[in-house]
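Single-structure report; data block below.
Since every read-out is calculated from the coordinates, none of them should be taken as a lab result. A quick note: this is a predicted structure, and the numbers were derived from the prediction, not measured. Counting neighbours? That spans all protein chains shown, and the Cβs are built from the backbone with ideal geometry, glycine included.
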Protein chains: 4
Amino acid sequence: MISDSTIQAIHKFTEERNWGQFHTPANLAKSICIEAAELLEYYQWVPEAPAADAEHAQEELADVLTYCIMMADALGVDMDNIIMNKLAKTKRKYPSEAVRNNFNEYETRHLNARSDSKEAIKE
Amino acid sequence: MISDSTIQAIHKFTEERNWGQFHTPANLAKSICIEAAELLEYYQWVPEAPAADAEHAQEELADVLTYCIMMADALGVDMDNIIMNKLAKTKRKYPSEAVRNNFNEYETRHLNARSDSKEAIKE
Amino acid sequence: MISDSTIQAIHKFTEERNWGQFHTPANLAKSICIEAAELLEYYQWVPEAPAADAEHAQEELADVLTYCIMMADALGVDMDNIIMNKLAKTKRKYPSEAVRNNFNEYETRHLNARSDSKEAIKE
Amino acid sequence: MISDSTIQAIHKFTEERNWGQFHTPANLAKSICIEAAELLEYYQWVPEAPAADAEHAQEELADVLTYCIMMADALGVDMDNIIMNKLAKTKRKYPSEAVRNNFNEYETRHLNARSDSKEAIKE
């Protein structure tokens, strides 16, 4: 879990440095992207990070989460809330009886929606 | 916060669809990147997402968090733990008395470390 | 421009190291993302990279382009071709007479298409 | 190749829409990231994009390249130049006689440099 005390520790860290001024949604969105890519780097050429890198990969994940916590704060939203709301939508999009053990059905729902949107965007 | 019940709801979602087989660390790292960039898209040309988009931006943040929860599970780590461990390191790197109201000092510590590493990498 | 001799130099670099085996489309797509985020890092908190960083930013752009060249090769496409084909579509999507000096009209076309697609995806 | 006529076509596209005002390095860096992640999405769960998606993947690569061309312009650099300069550095970092058919040696050079830098950054 991510407890309230962890979130408060991050707030305190930011306040002590007076860094709230830099934590605009746009800057935090960039920061999440940057850290996400650093995490991805551990899997750039291989499906599993070398054991020697396991600790570093965890730290990159921690960086992503830390900026997400700051972003939730900047947007004024509760993480539990937005995750559960989105999960409800995703469940409707991918009913388990339709997609379980059926990657093609998932792919079709995923790509059809996307292809449609691409066409909508392009034409 | 992100409560254990939210994490369990995500686990249940994955299990009902038998999607654990796709949730390798490498695939989840890609997924975090993809969703992070979708969040960034709301701030591509403007510092604030248009109000009409606020709900969508929240959903993209929820997507990033959902994949992070799955990634923590795939790596077998506790989110509170890795965030607090990393925060302790970051505090040592940027002591508040050194960087508070001193962006140049932050930049120097951030960029020096990076420039050194870039040289180390390149040469 | 990116001349054929530059492209050939990159091919030679790859062949001499026998690295073609790693250059699957999936691995190259990850690599493009990783380097793109390293470029973004120079603009994480500021709109302009510090002058001292200008050279490093150029190198990150070079990294993105190098992986794009490898990706075009992996997909068997010509860069001039795909860029001009996509440009033709984008011109149709954003006619200059509609969007010139009219950010709202751009935003509407951009976000409408996206919002539609998001709904299509979610529901 | 990417010919000068393609680059000029992109300039003309931008000028006709008066979009140069939005093409700051920071905005273009975000845009490259966003498009790179859209390309990655075709390889999110599978190593090869489904054939039906091949054309769309090409368009995402075209988007990345288009923003890179705009970025080179914003930075005032020549793409051939920066690619060849960076290639020279990368050759020195990874001599073919050291890394050819030796992924471990590559990994060591890649990760050592990175781990050192991470420690430098963190401590």
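Quick check: the angle from helix C:4-17's long axis to the longest principal axis of chain C, C-alpha only, nearest 10 degrees?
50 degrees
With springs only between Cα atoms under 10 Å apart, run a GNM on chain D and tell me which of D:His11, D:His23, D:His110 wobbles the most.
Among D:His11, D:His23, D:His110, the largest mean-square fluctuation in the Gaussian network model of chain D belongs to D:His110.
When chain D is treated as a GNM, springs tying every alpha-carbon pair under 10 Å, which of D:Asn27, D:Asn104, D:Asn18 comes out with the largest mean-square fluctuation?
Among D:Asn27, D:Asn104, D:Asn18, the largest mean-square fluctuation in the Gaussian network model of chain D belongs to D:Asn104.
For the stretch B:15-58 and the stretch C:31-73, write down the distance between their C-alpha centroids in whole Å.
21 Å
Given that compact globular proteins tend to follow 2.2 N^0.38 Å, what is the ratio of the alpha-carbon Rg of the protein assembly as shown to that value?
Working: Rg = 21.6 Å, N = 492, 2.2 N^0.38 = 23.2 Å.
So the protein assembly as shown has a normalised radius of gyration of 0.93.
List, largest first, the extents of the alpha carbons of the stretch B:24-79 along their principal axes, each in whole Å.
Taking max minus min along each principal axis of the Cα atoms, the stretch B:24-79 gives 38, 16, 13 Å.
If we hang a label 7 Å off Cα along the beta carbon direction at A:Glu15, how far is it from the matching labels on the other copies, in nm, shortest first?
Those separations, rounded to one decimal, come out as 3.9, 5.4, 6.3 nm.
Once the label point is placed 7 Å from Cα along Cβ, list for D:Arg100 the distances to the corresponding points in the other copies, in nm, shortest first.
Listed shortest first, these distances are 5.4, 5.6, 5.9 nm.
Across peptide A:90-98, how many C-beta atoms of other chains are within 10 Å of each residue C-beta, on average?
4
What's the average, rounded to a whole number, of partner chain beta-carbon atoms within 10 Å of each residue's beta-carbon in A:67-77? Display every interim value, and only then the final one.
Numbers: counts 2, 9, 5, 0, 7, 6, 0, 1, 5, 2, 6.
The per-residue average across the peptide is 4.
Between the helical axis of D:54-75 and the dominant principal axis of chain D, each derived from Cα atoms, what acute angle in degrees is found, rounded to the nearest 10?
Helix D:54-75 sits at roughly 90 degrees to that axis.
Using a 10 Å cut-off on Cβ to Cβ distances, tally the other chain neighbours for every residue of B:17-25 and report the average as a whole number.
5
By count of other Cβ within 10 Å, fewest leading, how are A:Ser3, D:Ser5 ordered?
Fewest-to-most ranking of A:Ser3, D:Ser5: D:Ser5, A:Ser3.
Where the label is 7 Å out from Cα toward Cβ, how close does C:Ser3 come to the same position in every other copy, in nm, shortest first?
Values, ascending and in nm: 1.6, 6.4, 6.5.
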